[in-house]
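Just below is one structure, and these are the notes that go with it.
The values are calculated or read from the model by the stated rules, or taken from the named source; none is laboratory data. A quick note: this is a predicted structure, and the numbers were derived from the prediction, not measured. Quick reminder, even Gly has a Cβ in these numbers, built from the backbone with ideal geometry, and neighbours come from all protein chains shown.
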Protein chains: 2
Amino acid sequence: MNEYVSIDTLKFLLYNVHQAEELLTKERFADYDKTSLDIFIDSIKTFSDTTLFPFIKEMDEKPSYFKDGKIIVHPQFEHIIKGGGELGVVGAGFDYDDGGMQLPSMFFHAAYFIMEAANNHVPGYFGLTAGSANLILSFGSQKLKDTYVPKMLDLTWGGTMCLTEPQAGSSLSDVATTASPTDKGYHLIKGQKIFISSGDHQFSSNFVHLVLARIDGAPKGTKGVSLFVVPKNRPTENDEITYNDAAIVGEFEKMGQKGYCTTHIAFGDNDDCRGWLVGEPNKGLSYMFQMMNEARIATGRMGTAIASAAYYSSLKYANERPQGRKLNSSGQKNSDEEQTLIINHPDIKRLLFSQKAIVEGSLSLTLQTANYCDKEISSTSEEEKEKYHLLLELLTPIAKTYSAEKGIESTSNAVQILGGYGFCFDFMPQQYYRDIRIIALYEGTTGIQSLDLLGRKITAKNGKALELLAVEIQETIKKASAFDELQLYANTLLENLGLVQKVIGTLMPHALKGNYERFLADATVFMDFFGTIVIGWQWLKTASSAKQLLKDKSGNQLDEFYESKIHTMKFFYTYEMTRTRGLAKTIMNTEELTISATKEMF
Amino acid sequence: MNEYVSIDTLKFLLYNVHQAEELLTKERFADYDKTSLDIFIDSIKTFSDTTLFPFIKEMDEKPSYFKDGKIIVHPQFEHIIKGGGELGVVGAGFDYDDGGMQLPSMFFHAAYFIMEAANNHVPGYFGLTAGSANLILSFGSQKLKDTYVPKMLDLTWGGTMCLTEPQAGSSLSDVATTASPTDKGYHLIKGQKIFISSGDHQFSSNFVHLVLARIDGAPKGTKGVSLFVVPKNRPTENDEITYNDAAIVGEFEKMGQKGYCTTHIAFGDNDDCRGWLVGEPNKGLSYMFQMMNEARIATGRMGTAIASAAYYSSLKYANERPQGRKLNSSGQKNSDEEQTLIINHPDIKRLLFSQKAIVEGSLSLTLQTANYCDKEISSTSEEEKEKYHLLLELLTPIAKTYSAEKGIESTSNAVQILGGYGFCFDFMPQQYYRDIRIIALYEGTTGIQSLDLLGRKITAKNGKALELLAVEIQETIKKASAFDELQLYANTLLENLGLVQKVIGTLMPHALKGNYERFLADATVFMDFFGTIVIGWQWLKTASSAKQLLKDKSGNQLDEFYESKIHTMKFFYTYEMTRTRGLAKTIMNTEELTISATKEMF
């Protein structure tokens, strides 16, 4: 019985649905073969089984806390940080030249998915260190790279991204932290940053904050925001470190992910906080977006991982709990019969299928984005690079949001399967339900992601990304149509592609007329609509792959494994794809009910 | 600014939409007029403002707990129990003859709605005492009435309902608690009951448990279940009380409603637990169903109340928090402008309207069921009594479930409006989000309610209840059609009524062929479908009423109050009623994906 993740499904998605081995023909990944990649995945699973999963409940019960200017996390983190460093999880995807493993992104994400499903309170420490190190590698000077990156790779030092400020929230154009130039090669940083994940803990000797700040005299708005490396302790000339006036002043107490700290950091309260500019002045936001795009895919992946853990937790319960009886042909139950396991009740199966469809569908989308990322980085053709880059950009807000919003629904279904026990601390689903709620808020809320999807990604380059996606989807439809059993679903997907065109055709005139508020008013509904279709595409692709393996008798799983994928695809089309027409109707409404409403109406 | 409830909306629903004053012509309610009812509502609001609302956060932070065989709740309960007793909240709806206030059910529910919105950790103590006292009054002997009810009315003693057992859960035919007859007028009770809400606390000197148990030799299944009064302490001949071997052995630690205890009770561990039979042997379940039906409406009402509190909490934030700017006609923001309040963003308005539509729509349905209840009890015609009884029965599972499932969604929207702060303990929405999750589990899960709706209520008396409901809905459609502005929505509701017929027509043959599993496989999807249409009916009724008041210039609110109701109705039809066709398609699917699935597929 899987406890939090199915490695079989993960490998099927990696190798069969998304053809990971094709990547290994590329020069960048030439050192890898299936055996070495499997060994990597298996070692991550062992680490997760032994070092992460056994502590998730305890981390909820004994949250991280703020004391005397420090964040104290669960003692197990000592072993986790050490183990993660040894496994090389921070630099797994980095170039060899930068001290990394040059692993395909698909396997990097697969590894984090396993770790996050085992214990979602942990891998953020790895991921944010990886993301901030990657920013330094991409845009920082050689000196910054040499000073910070090696210690981040083995987790001796942690890394964070510091964007949000109390008065600005999601509005990054209002960043007010200041950076005053000095003649000594650094700026003096002053300001407050909140909601800083992984901001501190007692098992890393230093933290490297990547901070958005405004250089004195910089333009207003996003065009005046620069990026700085601001360590908690700055390295001295004799290779020691000294406090850099970057104070942890508090921790946010949260309803979930309690083992994972969310800090408030005050930079420069004593006017002695030094920051080193990354790249050029006033380009901070565009640099940060590289990290944010990765972080968005990672956040979605974490949502899928939590939903996966909740799914297997409720599946275990459904397979063990006897309750009730089947109805006979008079619609009655026979009390002389033994009670049946609840997994035999159709409504419990519906709740389980719904979870399976969401978890595996969004995992497939995460791996799809990672696959595009791998193809972009490993391709030698500029045209191909652009193609995969545009596809990646288009899918990123969806990979983040579908996993968040539907992951919450999926986890709620896990709670429901346990009945009253689902609400009690003795069982895990309630914790996953609390944990996953943050996913729709992290790294740009669902509203922000939806504006990004419709307002930027769909319209960019005259809709080029959407055209490219349509080609990819049509390819899937074509392959699926070769199988009689899949034709119905392939046709449904094709109809939905047409519906996307119709919806966009209805909305675009508002943008062309300069009425952007109207154009974007229902962006979040559009996200739900378009995201469902994208996941429908992933499921058809998955079912095609399963069908092909069954036909060729070339899979290494039992037939029922592949049949379950086809069955779950049908479930998705019957219970989820049926929502798209209603959503399209809502988006195409002409009543303008939200934008016409005054605040007195509430 | 409303903090947790809008009394204006409540009174508009009571007096205008649901015509409460019509009831006052009935003999049963002849002592009441609008002034006295308003005074009652206002006194409940004052009690809630001063005694309940200020303590909800603390009750979450300092949960009730089990210690030395007792449940200890927050010290404020001392004042709450005293105040509730003085206000007469337990017996508000009871007959004068039974020591009650003979208040219309609509006002009883309105009062509890206010109290639950102020603090949902509290009114369960009142409600369960009321429900169990009512069971004794309805089916118990005069001796039982005299012994227990007066002390329950003033909350000197509390009351509970004890159904669930560890091995049985929702399957009441598997109740295993035993009742052995003695020749002394009582039975000896032995067994374990779990999830007993309001089971104990330090401020009531006794608890009166209404316990389902099986008399020795009783038939198997639900036909062998009897109902007993089993006090924690039994009255002695000299008017004192002595311990009755009904031990609190634990409390369930929960993710929400932490101030409200959920206990585990062991009856008869020392073979000295006496229970007194209520009514006839083996009829316990049918008696208990009276209480359960009330409890189901009450549970839905509580869900609506929590969602109301979350709505006003997020509305307050949206009205105070500046963030971001409006897009200009080039789709850009101007950083020189002041930030705008987030309530001006269309997506925030969408989240707020969605909450308002769910909260006020389901509150209206609660009052509709209460109105049918009042009409049933106050009518002198048997035919009318049956009519209202059938309507009440049909709407009960919907009133319970819509408020639960959509209330959860609504409360999640409140969290979302606060962004990252929504996840933090400093703000209320995260608490309401945790609190409300239980509503879909209490008193029969959503799955159980859905089986009840489709399997019993829709099919009962050859569909008589549904026919009666269709007449009521058509009456609303007719009234609404008189207003040009409402015709579109009236037509939509009419189309949806036709869709209900079509869906039921597709499902019924399965039942007629004895394939009940197939008939009921998608009962929960049917609940979502039918529930949405029922709320659409409530909204059209609400909008009609608002329109009439605007036309007659006879309302006591500003025009914008009534216009906001019409606007919210339009929102509901544009964003929610658009879901019904997709749901119908799912229900009418012919693939039988859940019932055909084996447990190996997961």
**Q.** Considering residues of the range A:76-107 that are within 17 Å of A:Arg28 (Cβ to Cβ) and part of a helix (DSSP H, G or I) only, the residue farthest from the chain's Cα centre (by Cα)
**A.** A:Asp97
Q.
Checking the structure you have, find out if any residue of the range B:318-327 is surrounded by 17 or more Cβ atoms within 10 Å (Cβ to Cβ) and in a helix (DSSP H, G or I).
A. yes
Q) Could we say that B:Glu443 is of a type outside the set (Gly, Ala, Ser), part of a helix (DSSP H, G or I) and either surrounded by 23 or more Cβ atoms within 10 Å (Cβ to Cβ) or under 21 Å from the mean Cα position of the chain (by Cα) (or both) here? A) no
Q: Restricting attention to the range A:324-336, report how many residues are under 14 Å from B:Ala168 (Cα atoms) and either in contact (Cβ under 8 Å) with a residue 60 or more places away in the chain or more than 7 Å from chain B (Cβ to nearest Cβ) (or both).
A: 1
Q. Over 27 Å from B:Phe353 (Cβ atoms), more than 9 Å from chain B (Cβ to nearest Cβ), touching a Ser or Thr at 6+ places or on another chain (Cβ under 6 Å) and not hydroxyl-bearing (Ser, Thr, Tyr) - does that describe any residue in the range A:549-568?
A. yes
(Q) I'd like to verify a number: residues in the range A:479-532 that are of a type in the set (A, V, I, L, M), over 30 Å from B:Lys333 (Cβ atoms) and part of a helix (DSSP H, G or I), how many? (A) 8
Q: Would you be able to tell me the number of residues in the range A:144-184 that are within 22 Å of A:Ser204 (Cα to Cα), more than 24 Å from the chain's Cα centre (by Cα) and in contact (Cβ under 8 Å) with a residue 40 or more places away in the chain?
A: 7
Q: Looking for whichever is assigned to a helix (DSSP H, G or I), among the β-branched types (Val, Ile, Thr) and out of contact with any Lys or Arg (no Cβ under 7 Å at 6 or more places or on another chain) here; the options are B:Thr25, B:Thr9. Which one fits?
A: B:Thr9
(Q) Condition first: facing chain B (nearest Cβ under 7 Å) and within 16 Å of A:Glu495 (Cα to Cα). Now tell me which residues in the range A:572-601 satisfy that. (A) A:Thr574, A:Thr578, A:Arg579, A:Arg581, A:Gly582, A:Lys585
(Q) Given the criteria within 14 Å of chain B (Cβ to nearest Cβ) and buried (at least 23 other Cβ atoms within 10 Å of the Cβ), does A:Val175 qualify? (A) yes
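Would a scan of the range B:513-531 turn up a residue that is among the hydrophobic types (A, V, I, L, M, F, W, C), under 20 Å from B:Ala20 (Cα atoms), away from every other protein chain (no Cβ under 13 Å) and touching a residue at least 60 places away in the same chain (Cβ under 8 Å)? Lay out the reasoning, then the answer.
Going residue by residue through the range B:513-531, those that are among the hydrophobic types (A, V, I, L, M, F, W, C) are B:519-521, B:523, B:525-527, B:529-530.
This time we only want the ones that are under 20 Å from B:Ala20 (Cα atoms), so: none.
No, the range B:513-531 contains no residue that is among the hydrophobic types (A, V, I, L, M, F, W, C), under 20 Å from B:Ala20 (Cα atoms), away from every other protein chain (no Cβ under 13 Å) and touching a residue at least 60 places away in the same chain (Cβ under 8 Å).
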Q: Answer with yes or no whether A:Ser381 is free of Cβ contacts under 8 Å to residues at least 12 places away in the same chain, surrounded by fewer than 24 Cβ atoms within 10 Å (Cβ to Cβ) and within 30 Å of B:Ser170 (Cβ to Cβ).
A: no
Q: Provide a single number: the residues in the range A:407-424 that are facing chain B (nearest Cβ under 9 Å), assigned to a helix (DSSP H, G or I) and more than 15 Å from B:Glu409 (Cβ to Cβ).
A: 5
Q.
Residue pairs, Cβ under 6 Å, 6 or more apart or interchain, first in the range A:216-242 and closer than 25 Å to A:Leu137 by Cβ, second surrounded by 12 or more Cβ atoms within 10 Å (Cβ to Cβ) and among the hydroxyl-bearing types (Ser, Thr, Tyr). List them.
A. A:Thr222/A:Ser173; A:Leu227/A:Tyr287; A:Asn233/A:Tyr243; A:Pro235/A:Thr147
Q) Would the range A:395-406 turn up any residue that is in contact with an Asp or Glu (Cβ under 8 Å, 6 or more places away or on another chain), within 14 Å of another protein chain (Cβ to nearest Cβ) and among the acidic types (Asp, Glu)? A) yes
**Q.** Set B:Tyr148, B:Tyr96, B:Tyr125: member being within 30 Å of B:Tyr311 (Cβ to Cβ) and either at pLDDT 95 or above or buried (at least 24 other Cβ atoms within 10 Å of the Cβ) (or both)
**A.** B:Tyr125
**Q.** Residues located in the range B:240-276, provided they are among the aliphatic types (A, V, I, L, M) and either farther than 20 Å from B:Val208 by Cβ or within 14 Å of another protein chain (Cβ to nearest Cβ) (or both)
**A.** B:Met255
Q | Boolean, A:Lys190 is buried (at least 24 other Cβ atoms within 10 Å of the Cβ), of a type in the set (D, E, K, R) and more than 30 Å from B:Arg434 (Cα to Cα) | A | no
Q | In the range A:436-463, residue farthest from A:Ile194 (Cα to Cα) [restricted to those that are at the interface with chain B (Cβ under 10 Å from one of its Cβ atoms) and among the charged types (D, E, K, R)] | A | A:Arg456
